[in-house]
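J.: Below: one structure in structure tokens.
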Amino acid sequence: ARAFGLKGQQKIALKAMLKDLAEEGIIRKRGKRFTKSGTLPSVTVYDIVTRDRNGGLLARPVQWDEASAGKAPTVEVKTDNKGKGPTPGIGDRVLARLVRQQDKGSPQIRVMKLLDKGRDSVLGVFRKYGKPENGFAGRIEPVDRKQDELIVREDAVGEAQDGDLVEVAPAPAGRLGLKQARVEQVIGNLNSEKAISLIALHAHNIPTRFPDDVIAESEAAGKADMKSREDWRDLPLITIDPADAKDHDDAICAFPDEDTKNPGGIVVTVAIADVSWYVRPGSNLDREALLRGNSVYFPDRVVPMLPERISNDLCSLKEGVDRPALAVRMIFNQTGRKLGHSFHRIMMRSHVRLAYTEAQAAIDGESAPRAEPWLDRVLRPLWTGYRVLKAGRDQRQPLELDMPERKILLNEDGSVDRVTIPPRLDAHKLVEEFMIQANVAAAETLEKKRQSLVYRVHDAPSLAKLESLREFLKSMSIPLARAGQLRPHHFNGILGQVAGGDSEELVNSVVLRSQSQAAYDPVNIGHFGLNLAKYAHFTSPIRRYADLIVHRALVGALGLGAGAMSREEEAQLDVIAEQISQAERRAMLAERETKDRLIASHLASKIGAEFGGRINGVTRAGLFITLNETGADGFIPISLLGDDYYIYDESTHSVVGERSALMFQMGDRVDVRLVEAAPMAGALRFEMISEGRETSGLPRSKRSRPGSPSGRPRRSKRGNKFGNTGARSGRGRK
């Protein structure tokens, strides 16, 4: 609009034209930017695939929409003649910047960072032969299904016993027979949870040991001084965390505003551990933290982003101990509207460490010996502050998808004891809302100072997902607003219509799946889910590198002393944002896979047992079931549902029997029987006990003969032992 001098109604017409072009696939929208469809983004991830005739490297983008843009382009890799940049090879995955577009000759990229180096070691289970065969003692059953099986000579077994999870190094072998390996390390027995969590760590290449130079640097760190700091040690800041938390990086307090011009107002203070003081740009600690991107949490262990000396000591806001922090003081009126805020670099002292349950019990008038002395002075003002902030949240109307989160509790031997759903307390919501407001204040301050930063962004749902959701809701006579007008409150209205009804869980699941994935980006597109225009992660620098970046940006922009963002770091924010977004997705996948393996191992001894569950996914291949008690995911092949042809209806997320007209739909509660468990894969297979729901059947236009694209798979295509016909993974809903 600026380029063509368009205003008023002309801008509206331009927006309509751009929308039409995007829907036709001529252009693509990414955030607030438009690009020509089929063009490469300025920065993205590539795989180095081959060389050209002159020996130059060629690469292809990892993410490419072939359906709309055709075959992924092959691009030249421009090397650094000075030898300063990373040196990639065939098979490497790299983050690269586009230096020459397609319309100016062959596309060309410059490598910015190597992302995925090949591993020499392989993780697997040692299966010992009954007796040695031709000098071989056993074989290695790989954890990764893409890895070949290996055999181990008698002199290469080491201390491995049958059934041990081991790390092996491929060994030279002859031209014939299986590849050989040598056992490098015995990790543990498969019955040990430690072994199960290490499978995910190895599979996703998550570092578990800190290099010696990183440990040395952390051990050499000393206590922060008072230079450039305000003394806030008398302010009654407290920490409220899970009972089993080992590090504490945020403290809070709230008091009524004494300004007579703000009756009923509140002053909220959030103090966050000053990690930027200890982890400086370009240091060994910094490079390792960026490599990890974030801490990774498993039921029995935490793989931290920073060494224990930093995360559990110098930067942990321990009770009664002086600690450096960055604090934000925020003033709200009685309706929850923020009137102003300011950031400070301080020395603080946590006056008490409370668990969520302790703080909540004290507020509810229940016994809480540690919390009761702080009830009138600190806790009640905090809850008053929460009511004020909640009023503002209710006006803002963020997306209200409060999905239950299950927690796995282990026995002393590492096996699963039980799976629980911790109650969602007001104490949780209080801390969450305080942190959200602190994050907003950080983004607003840095934007006002024109300081580059990494935002936490969440795009609106894509047109394709919205059309799928609209078609589904139409089957339930629930309207959905047009894409350009959709805001979170529209989704909340839909959820409110079905609240308490039989379709509540179904609609919640479908709405959740329609949402985009949050990420980090130096370009701000806002946060759709929270309904916020400016948002940046500031409150967890111990466990997230994104927050450390924001701390450094604040220190530099506000002139708060040492530890500011360097110019080199600022120039690489797009690279950093991409890397930490990938690290976050990697951690989430590793955590989920470990939980799947743990629960599959727990249920392996219960073959034949019956469970209550819910249909959590429907495909042409079959039904994905989530068990009520454990949250475990499993699969029922459609060919084993019953003596009927089941027809898949994508719009209603259901399958319907062609003759019986019995329906199984996502969200339905069902009873199933466990028939097979594979702990190594985290896979469960069930058979259906419940009868389907009676329905009028599918319209004739949606019917199709078995084996056709819209019908069920032919019975001859039984897939693998978990009924997977290739449409979905046998691990459940992944």
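J.: Rolling a 1.4 Å sphere over the protein heavy atoms, what is the accessible area per residue of the chain, to the nearest Å²? Mind dumping the intermediate values first?
T.: Details: 36190 Å² over 734 residues.
About 49 Å² of surface per residue is accessible.
J.: Mind listing the long-range amide H neighbours of A171? Cut-off is under 5 Å, sequence gap 5 or more, other chains count too, H placed in the peptide plane at 1.01 Å from N.
T.: Amide H to amide H, under 5 Å and 5 or more residues apart or across chains, A171 pairs with Q180, A181, R182.
J.: A further question follows. Computed from these coordinates, which is Rg and Dmax of the Cα atoms in Å: (i) 30.0, 90; (ii) 32.5, 117; (iii) 28.0, 90?
T.: Label (iii) holds the value from this structure.
J.: Given 10 Å bins starting at zero, what is the percent of C-alpha pairs of the range 513-579 in each, up to the one with the largest pair distance?
T.: Using 10 Å bins, I get a P(r) of 18, 48, 27, 5, 1 for the range 513-579.
J.: Could you derive backbone 3J(HN,Hα) for the range 673-678 from the dihedral phi with the Karplus parameters 6.51, -1.76 and 1.60 (θ = phi - 60°), listing whole Hz in sequence and x where the residue is Gly or Pro?
T.: Per-residue couplings from phi come out as 10, 6, 10, 7, 9, 10 Hz.
J.: Percent antiparallel among DSSP beta bridges with both residues in the chain, to the nearest 5? Please list the in-between numbers first.
T.: On the way: 113 of 128 bridges.
Of the beta bridges lying entirely in the chain, close to 90 percent run antiparallel.
J.: When the Debye formula is applied to the Cα atoms of the range 567-632, each taken as the same point scatterer, what base-10 log of I(q)/I(0) results at q = 0.29 Å⁻¹?
T.: -1.17
J.: Report, as a whole number in µm² per second, the diffusion coefficient that Stokes-Einstein gives for the range 218-274 at 4 °C and 1.567 mPa s using the Kirkwood radius over alpha carbon pairs. Present the calculation step by step, with values, prior to reporting the outcome.
T.: Working: Rh = 14.3 Å.
It comes out at roughly 91 µm²/s.
J.: Turning to a different aspect of this structure: HN-Hα J couplings of the range 276-291 from phi, Karplus 6.51/-1.76/1.60, θ = phi - 60°, integer Hz, Gly and Pro as x?
T.: Per-residue couplings from phi come out as 5, 5, 9, 10, 8, x, x, 6, 4, 4, 5, 4, 5, 5, 5, 4 Hz.
J.: Then there's this: Considering only DSSP beta bridges where both residues belong to the range 317-369, give the percentage that are antiparallel (nearest 5).
T.: Given both bridge residues lie in the range 317-369, the antiparallel proportion sits at roughly 90 percent.
J.: List the aspartates and glutamates whose alpha-carbon lies under 17 Å from that of K179, not counting same-chain residues fewer than 8 positions away?
T.: Once the sequence-local aspartates and glutamates are set aside, what remains near K179 is D120, E133, E141, D144, D148, E149, E154, D155, E167.
J.: Now, a different point. If you roll a 1.4 Å probe over the chain with all protein chains in place, what percent of the accessible area is carbon or sulfur? Before the final figure, lay out each step's value.
T.: On the way: 16860 of 36190 Å².
Of all accessible area on the chain, carbon and sulfur atoms account for 47 percent.
J.: If you average the sequence gap of Cα pairs under 8 Å that are 6 or more apart and divide by the length of the range 255-370, what percent do you get for the contact order? Numbers along the way, then the final one.
T.: Values: 158 pairs, mean separation 29.5, N = 116.
Computed over the range 255-370, the figure is 25 percent.
J.: Placing unit charges on C-beta atoms (Lys and Arg positive, Asp and Glu negative, everything else neutral), compute the dipole magnitude of the range 208-299 about its Cα centre in debye, rounded to 20.
T.: On the way: 10 positive and 19 negative charges, 41 e Å.
Approximately 200 debye in magnitude.
J.: Based on Cβ point charges of +1 for Lys and Arg and -1 for Asp and Glu, what charge dipole magnitude is obtained for the range 578-649 about its Cα centre, in debye rounded to the nearest 20? Please list the in-between numbers first.
T.: Details: 8 positive and 11 negative charges, 45 e Å.
Computed charge dipole of the range 578-649: roughly 220 debye.
J.: Based only on the alpha carbon positions, what is the Kirkwood hydrodynamic radius of the range 433-510, in angstrom? Could the numbers behind the result be given before it?
T.: On the way: mean 1/r = 0.0659 Å⁻¹.
Evaluated on the range 433-510, it is 15.2 Å.
J.: As a check on your grasp of the helix formula, calculate [θ] at 222 nm for the chain: sum -39500 (n - 2.57) over DSSP H runs of n ≥ 4, divide by the residue count, round to the nearest 500. Intermediate values should be presented prior to the final figure.
T.: Values: 14 runs with 178 residues, N = 734.
Theoretical 222 nm ellipticity from helices: -7500 deg cm²/dmol.
J.: Using alpha carbon centroids, what distance separates the range 630-663 and the range 231-284, in Å?
T.: So the two Cα centres are separated by 52 Å.
J.: Sort 387-394, 552-559, 405-412 by the packing proxy (mean of other Cβ within 10 Å over each peptide's residues), most packed first.
T.: Details: 387-394: 17.5, 552-559: 21.0, 405-412: 12.2.
Packing order, densest peptide first, comes out as 552-559, 387-394, 405-412.
J.: Could you tell me which residue out of G320, L641, M435 lies farthest along the dipole of the chain toward its positive end? Charges go on the beta carbon: Lys and Arg +1, Asp and Glu -1, centred on the Cα centre.
T.: Of the candidates, L641 comes out farthest on the positive side.
J.: With θ set to phi - 60°, apply the Karplus curve 6.51 cos²θ - 1.76 cosθ + 1.60 along the range 443-456 and write out the HN-Hα couplings as whole Hz, x wherever there is a Gly or Pro.
T.: 5, 5, 5, 5, 5, 4, 7, 6, 9, 5, 7, 9, 8, 9
J.: Mind jotting down the distance between the C-alpha centroids of the range 299-344 and the range 430-454, whole Å?
T.: A separation of 13 Å, based on Cα centres.
J.: Measure up K113/K407; K261/K318; K246/K595; K11/K390 against 31 Å on the Cα-Cα distance and list the ones that go over. Don't skip to the answer; put the middle values down first.
T.: Details: K113/K407 36 Å; K261/K318 36 Å; K246/K595 21 Å; K11/K390 37 Å.
Pairs exceeding 31 Å: K113/K407; K261/K318; K11/K390.
J.: What does the charge dipole of the range 517-601 about its Cα centre add up to, to the nearest 20 debye, if the Cβ of each Lys and Arg holds +1 and the Cβ of each Asp and Glu holds -1?
T.: Roughly 280 debye, rounded to the nearest 20.
The values are calculated or read from the model by the stated rules, or taken from the named source; none is laboratory data. None of these values were measured; they are calculated from a predicted model. Cβ coordinates were reconstructed from backbone atoms using ideal geometry, including for glycine residues, and neighbour counts include every protein chain displayed. Each accessible area value is taken on the protein alone, full model and side chains, heavy atoms only, with ligands, DNA and RNA left out. Shrake-Rupley method; radii C 1.70, N 1.55, O 1.52, S 1.80 Å.
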